[in-house]
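Every number here is computed from the coordinates shown, using simple stated rules; none is lab data. The model shown is predicted, which means the values in this text are computed figures rather than measured ones. Cβ coordinates were reconstructed from backbone atoms using ideal geometry, including for glycine residues, and neighbour counts include every protein chain displayed.
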Amino acid sequence: MTGAGSVECAVVGLGVLGAASLLALARAGVSCVGLEAGRVGHPDGGSGGETRIFRTAVATGPDHVRLLDRSRELWTGVPGAPFTACGALTVGTRDDARVRAVALPGRTTVFGAAAAAARWPAHVLGADEVAVLDPGGGLLDAGAATRGLVAQARRAGAGVREEVTVLGIGTRRGRAVLHTVDGETVADSVVVATGHGDGLVPGVAGIEQRRVVLSWFGVRDPALFAPAAFPPGVHTAAPAHTFFPTVDGATIKINHQQPQPRVHSPADHHPPVEAGYTRDWADAVAARLDGMSARPARLETYVEGYTRQRRGVVALTAGAPRTVTLGGFSGQGFKYAPAVGELVADLVRTGRSRSPAFAPALAVGG
Ligand SMILES: Cc1cc2nc3c(=O)[nH]c(=O)nc-3n(C[C@H](O)[C@H](O)[C@H](O)COP(=O)(O)OP(=O)(O)OC[C@H]3O[C@@H](n4cnc5c(N)ncnc54)[C@H](O)[C@@H]3O)c2cc1C
């Protein structure tokens, strides 16, 4: 056989968003194949860096909250148990806009400094600080999550081809022709979910690829930093950062939120990080976390696509073959992936989406 033959839909890229799209397509009865340049769950794309925060309380409105509720349902059923339902936190001063935005009545609970310190003893809160608990939130194991979605897609009938790079996409008699080193795959429609990999279709402007730096630090008492005692979350006061519980029994992970340089090459999966990267902020973070070392044990870099509005794009290209392109999820894409996969399957099948979130069905070119 050359390539994967003929299908109704081909998904290019099986990071978390491509994997979720493939699963939703297969469940909807669409004959489909996913083509992935690497091995599924590899750490060189959006799945890198071990873990992701999942939350259901977001400030971007009810459409996004609904998608997150649906994602939670779907994450809970993914094989390999990649989702730990330990809740997610937002910590900061009571009057901070980011804190207030996620204090959603009926969805989250606000803990004052003393109550928060009693419940999550690793956190050292100032008297004017609060912790907002999103009990629907939790921790995702990134590699296991992507592998689990692809395993489910296979079971639902999808084809999966690993270590196959799509070199170009052409058209023939209204169908898409995907060129690979071993031949071609012909499809009625295509989902392009290549992360910051090569843009195989033109048209989605305004997505900037930027570096993300993750830093791991040792902790004196790892039990204080296990997921149940130290759910993942964000601290909004300077130096603003996201924090992640230990998964190795020795270190926790911090993502200091500061402007990061652009990445220009789609081949650059791990851009360099400058010496002394943590020097200006690690002491301040360590002062807020009981027993955290201020010296990093490890630093790693990744790449993510950002849009100006900090919202992902799910774009439908007008004309045939129908093409859906995903990107620019601005540090938020992992949590949404299962529900976004369902939006993608809707677009592929009908050209319409069940949700106005992420500007779906936006025609971006001919
Ligand atoms: C360090 C970091 C931390 C983050 N933290 C969070 C978080 O806590 N919570 C959250 O919700 N989100 C978070 N995000 C965002 C989220 O992880 C991303 O939005 C999401 O993973 C992007 O997934 P993707 O499938 O679009 O891209 P990727 O995972 O990059 O997948 C693209 C895939 O396409 C493949 N590919 C590329 N070109 C080709 C080709 N030509 N042919 C075949 N295959 C190809 C690649 O090999 C890759 O596997 C974070 C992102 C980063 C980088």
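Descriptive notes on the structure:
- Contact order for the chain, expressed relative to its length and based on alpha carbon pairs under 8 Å spaced 6+ residues apart, stands at 24 percent.
- Taking only the alpha carbons of the stretch 57-139, we obtain Rg and Dmax values of 13.9, 42 Å in that order.
- Given charges at beta-carbon only (K, R positive; D, E negative), |dipole| of the stretch 107-225 in Debye: 320
- J(HN,Hα) series, the stretch 64-70, from Karplus relation 6.51 cos²θ - 1.76 cosθ + 1.60, nearest Hz, glycine and proline x: 6, 4, 4, 5, 5, 4, 5
- The spread of Cα positions in the chain, taken along each principal axis and listed from longest to shortest, comes to 67, 44, 35 Å.
- A simple rule links phi to the HN-Hα coupling: the Karplus curve 6.51 cos²θ - 1.76 cosθ + 1.60 with θ = phi - 60°, which for the stretch 49-54 gives x, 6, 9, 9, 7, 10 Hz, with x for Gly and Pro.
- Largest-first principal axis extents of the Cα set of the stretch 115-177 (Å): 67, 25, 20
- Note, ³J(HN,Hα) from phi for the stretch 248-255, Karplus 6.51, -1.76, 1.60, rounded to Hz, x at Gly and Pro: 10, x, 9, 10, 10, 10, 10, 10
- Net charge of Cβ neighbours under 10 Å - reference D346; Lys, Arg +1; Asp, Glu -1: +2
- Under the convention that each Lys and Arg Cβ holds +1 and each Asp and Glu Cβ holds -1, the size of the dipole of the stretch 12-115 around its Cα centre is about 240 debye.
- Charge tally for L23 (other residues, Cβ to Cβ under 11 Å; Lys, Arg +1; Asp, Glu -1): +2.
- Amide H to amide H, with H built 1.01 Å from N, F54 comes under 5 Å of G138, L139, L140, counting only residues 5 or more places away or on other chains.
- Listed residues T60, G48, A26: farthest to the positive end of the dipole of the stretch 15-64 (Cβ charges): A26
- Full extension of the segment from L167 to A97, taken as 0.36 nm per residue of separation minus the current Cα-Cα distance, would add 20.7 nm.
- Helix content alone sets the calculated 222 nm mean residue ellipticity of the chain: runs of n ≥ 4 DSSP H residues at -39500 (n - 2.57) each, divided across all residues, give -6500 deg cm²/dmol.
- Helix 142-155 axis, angle to the chain major axis (alpha carbon atoms, nearest 10°): 30
- Nearest-ten-degree value, helix 16-27 long axis tilted from longest Cα axis of the chain: 50
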